[in-house]
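Since the structure comes first, as structure tokens, the remarks are kept for the end.
Please treat every number below as a calculation from the coordinates, not as lab data. In this text, all values refer to a predicted model and were calculated from it rather than measured experimentally. Counting neighbours? That spans all protein chains shown, and the Cβs are built from the backbone with ideal geometry, glycine included.
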Amino acid sequence: MAEKIYPGHPDLTGGGATGLHSHPGGGLTFTELVGGEVHVVVGASTWEDWDLSAIIGAGAKSALVEIRQFYPGSRVGVRKNGSALVRYRVGTVGTGVILTEVDANRIIELYVADLGNRGNFSILGYWS
């Protein structure tokens, strides 16, 4: 499997190890995760909660969410729990990454327009 390099963060690579790095500006610390926890949305065209409290640490401010196996034209989204923002991404074949805030309980919301074209989501890391 090829290493993943995140735009704007060439020092963040997906090697499977958990690590820390200081994020410039804001004094936050990034914790990289393996990304083994996979979540699949069960309802179409509705925002669905995903509780990350068993995956990311207390005090987390935001999460780096990977979307895998989504297809051309399919809409997928990730946003902070309780947000009214329409944060969709129109899918392409392969993998995409979205950064989102998490709420105080470490919950985010996921969206998939069409379950036949749904992707699966995993957490690559978080800032706290």
For this session: Just give me the residues in the range 72-115 being within 20 Å of Asp51 (Cβ to Cβ), touching a residue at least 60 places away in the same chain (Cβ under 8 Å) and of a type in the set (D, E, K, R), in sequence order.
Result: Glu109
For this session: Considering only the range 101-123, state which residues are outside any loop (DSSP other than H, G, I, E, B) and either surrounded by fewer than 20 Cβ atoms within 10 Å (Cβ to Cβ) or of a type in the set (D, E, K, R) (or both).
Result: Glu101, Ile107, Glu109, Leu115, Gly116, Asn117, Asn120, Ser122
Problem set entry | Matching residues, the range 30-53, being surrounded by fewer than 14 Cβ atoms within 10 Å (Cβ to Cβ), under 17 Å from Gly125 (Cβ atoms) and of a type in the set (S, T, N, Q) | Ser53
